[in-house]
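The values are calculated or read from the model by the stated rules, or taken from the named source; none is laboratory data. Remember, predicted model here, so these are calculated numbers, not experimental data. Neighbour counts are summed over all protein chains in view; Cβ atoms, including those assigned to glycine, are modelled from backbone coordinates with ideal geometry.
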Amino acid sequence: MSRITRTLCVLFLLVAAIPPSAAVAHEGNPNYRSEITSIEPAALADGLRATVQNFDDNVELVNRTGKEVVVKGYDGEPYVRIGADGLVEVNLNSPTYYLNEDRFAAVDVPERADAKAEPAWEEVEGSGVYAWHDHRSHYMSPGTPSQVKDESKETKVFDYSIPITVGGKPAALDGTLTWVGKQSGFPVLPFVLLAAVIVIGAVALSVFRNRRRDGDDGHDGHDGGQTPDAGESRGGDRPAEGAEAW
């Protein structure tokens, strides 16, 4: 197999491995926009920052309050704890922890998970930042929301609230889910494929030119070395024309 063929095969496999879009890979839906609009009460919001990543996928919470922040699960149980020192822990006894593993909560919750059980905290990192998939912040069905009458128009789907505590005091991450329309998603795949084709063509052309140049160099060297030797051999073996005439 030539170098060009091997290169093209490798690039083809890489392109084939590219997901249709980042949204599909991370389960975000580009037809929606989920946004944290406020942290209430505002008096507890100082040092907190909350955003939604990848359209409607993960909620990211940054704690710089100097206080312990706890995110409540779907049954009001402690789900995530971000300490004043930035230590992030998750409660392995929280049913929410397991339900969030799938976009539509299509999972089997283990028997150990009990919202009333004593929390079993597991450390996950220490930066004071944590992102999780939260079913309260997206539409829990693959179909189109009933609120949407025209799929090409932006439509509010619902408001939501994710309960938290800051230094033991109740607060909430309030947000809004909006249908932005099927035509508003950026078409990532065509651009990815076009870029891949350009790269493949450039690499193939470069390899072809290098092989051609190497071939030309080898051919010239061969002729330059053999031609004089052949001439000398013929000149040395053949009698001079004058000798033949006499």
Selection within the range 102-123 - without any contact (Cβ under 8 Å) to a residue 24 or more places away in the chain and closer than 27 Å to N29 by Cα: D102, A106, V107, D108, V109
Residue match in the range 77-84 (condition: closer than 18 Å to N58 by Cα, in contact with a helix residue (DSSP H, G or I) (Cβ under 8 Å, 6 or more places away or on another chain) and in the same structural domain as Y130 (by TED's automatic domain parsing)): yes
Among (1) at pLDDT 95 or above; (2) outside any strand (DSSP E or B) - the single one L13 does not satisfy: (1)
Qualifying residue in the range 74-96 (condition: under 28 Å from V180 (Cβ atoms), hydroxyl-bearing (S, T, Y), surrounded by fewer than 21 Cβ atoms within 10 Å (Cβ to Cβ) and in contact (Cβ under 8 Å) with a residue 40 or more places away in the chain): yes
